[in-house]
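A.B. asks: Handing you this structure, nothing more for now.
The values are calculated or read from the model by the stated rules, or taken from the named source; none is laboratory data. Treat the numbers as computed from the prediction; the structure is a model and nothing was measured. Quick reminder, even Gly has a Cβ in these numbers, built from the backbone with ideal geometry, and neighbours come from all protein chains shown. When the accessible area is computed, the model is the full protein with side chains, heavy atoms only, and any ligands, DNA or RNA have been set aside. Shrake-Rupley method; radii C 1.70, N 1.55, O 1.52, S 1.80 Å.
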Amino acid sequence: MDLYDMREDEYLSYDQIIEMDVELDYLVDTLIRDKCVSVLSALPKMGKTSFAISLAYAIANGTEFLGLKTKQRNVLYICLDDCKEVIAERCKKMKLGEESNLSFQFTKNARVSNLEALIIKHAMWGRRFGFVIIDMLNDIREVDSGMEYNFNEMKKDIQTVRKVCDDFNLSILLLHHNKKRKEENFVNDFNGSTALAGTINGSILSLNKTSPLADNAILHVSGRNVPSSELNLKFNKERILYELQEEMVEEVGTTSRKRTHKIDKF
């Protein structure tokens, strides 16, 4: 960068910093940061897509998700992993509601390199979104076989997604796979974890069950300036969606649990 291009407002004194009135914005209270790139990771067949659809519906309507407040946004769900018939069947079983500001795009050629053009095209058609879910991360990447989890390749792709997020004032959630071998620290559970954890500027969500057939699950929450926590969930097999179990949240690093009628803050 040419130093002569540096703007005066890029320089702040310590006194100016501590006097700033800063409040971190959340799209889903204490769970997903607003206007950031976040990731939801789990092993295959653990219900990532069902979790993401119910999340998308809640944000599209501004209703609570797992007992947490949401901000209403128009939502685009980019389906790269499932066909429209599979998604339609799931939505009907989930019985989320009739109307929603949620749209699905079924495309096989969406890539990191043309994500910006995709958002622009929707804007030209009068569709402006505040939240975009990409199902799945690896399906939009263009990397040689064996290089999917190379640090530099992963970092480059996430930085490109972050630029789209910044340029269009969006929140983006990437769906991703966990490793088959469980790590001691859940942040290391997902493939390419070092590059992802270092480049993601929003929330890191890891959905864990003992097996695909188990009912109970734990949602591990962490990320950049996101309080670390665990949500105890139960999978409703009839409606194929996750529900908050006993409305209980456990803060990581503490031995006590806080039980509330509605979880807004912790």
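A.B. asks: Leaving out ligands, DNA and RNA, and with a 1.4 Å probe, what % of the accessible surface on the stretch 5-73 is carbon or sulfur?
C.D. replies: 50 percent
A.B. asks: Based on the Cβ-Cβ distance from GLU10 to ASP82, what FRET efficiency comes out when R0 is 51 Å, to the nearest 0.05? Intermediate values should be presented prior to the final figure.
C.D. replies: On the way: r = 44 Å, r/R0 = 0.86.
Calculated transfer efficiency: 0.70.
A.B. asks: Ok, one more. Working with all protein chains in place, sort ARG128, ARG7, ARG90 by solvent-accessible area computed with a 1.4 Å probe, largest first.
C.D. replies: In descending accessible area the options line up as ARG128, ARG7, ARG90.
A.B. asks: Hey, for a label at LYS237 modelled as a point 7 Å past Cα toward Cβ, could you say which residues of the stretch 195-214 have their backbone N under 12 Å away?
C.D. replies: 212-214
A.B. asks: On to the next question. Sort SER41, SER13 by accessible area with a 1.4 Å probe, largest first.
C.D. replies: So, going from the largest accessible area down, we get SER13, SER41.
A.B. asks: Hey, what do the phi angles of the stretch 17-31 turn into as Karplus ³J(HN,Hα) couplings, whole Hz, using 6.51/-1.76/1.60 and θ = phi - 60°, x for Gly and Pro?
C.D. replies: Residue by residue, the stretch 17-31 yields 4, 6, 8, 5, 8, 10, 9, 5, 8, 10, 7, 10, 3, 6, 10 Hz.
A.B. asks: Sticking with this structure for a sec: Can you give me the solvent accessible area of CYS91 with a 1.4 Å probe, rounded to the nearest 10 Å²?
C.D. replies: 50 Å²
A.B. asks: Give the calculated FRET efficiency between SER211 and THR63 to the nearest 0.05, with a Förster radius of 30 Å applied to their Cβ-Cβ distance.
C.D. replies: Computed FRET efficiency for SER211 and THR63: 0.45.
A.B. asks: In addition: Give me the percent of Cα-Cα pairs in the stretch 76-209 that sit more than 18 Å apart, rounded to a whole number.
C.D. replies: Counting pairs separated by more than 18 Å, the tail of P(r) holds 59 percent.
A.B. asks: Along the stretch 53-64, what does the Karplus equation 6.51 cos²θ - 1.76 cosθ + 1.60 (θ = phi - 60°) give for ³J(HN,Hα), rounded to whole Hz, x for Gly and Pro?
C.D. replies: Whole-Hz 3J(HN,Hα) from phi for the stretch 53-64: 5, 5, 5, 4, 5, 4, 5, 4, 10, x, 9, 5.
A.B. asks: Along the Cα-to-C-beta direction of ILE120, a point sits 7 Å from the Cα; which residues of the stretch 153-168 have their amide N less than 18 Å from that point?
C.D. replies: Of the residues in the stretch 153-168, 160-168 have backbone N under 18 Å from the label point off ILE120.
A.B. asks: Turning to a different aspect of this structure: Taking all protein chains together and a probe of 1.4 Å, list PHE104, PHE51 from the most accessible to the least accessible.
C.D. replies: Largest to smallest exposure gives the sequence PHE104, PHE51.
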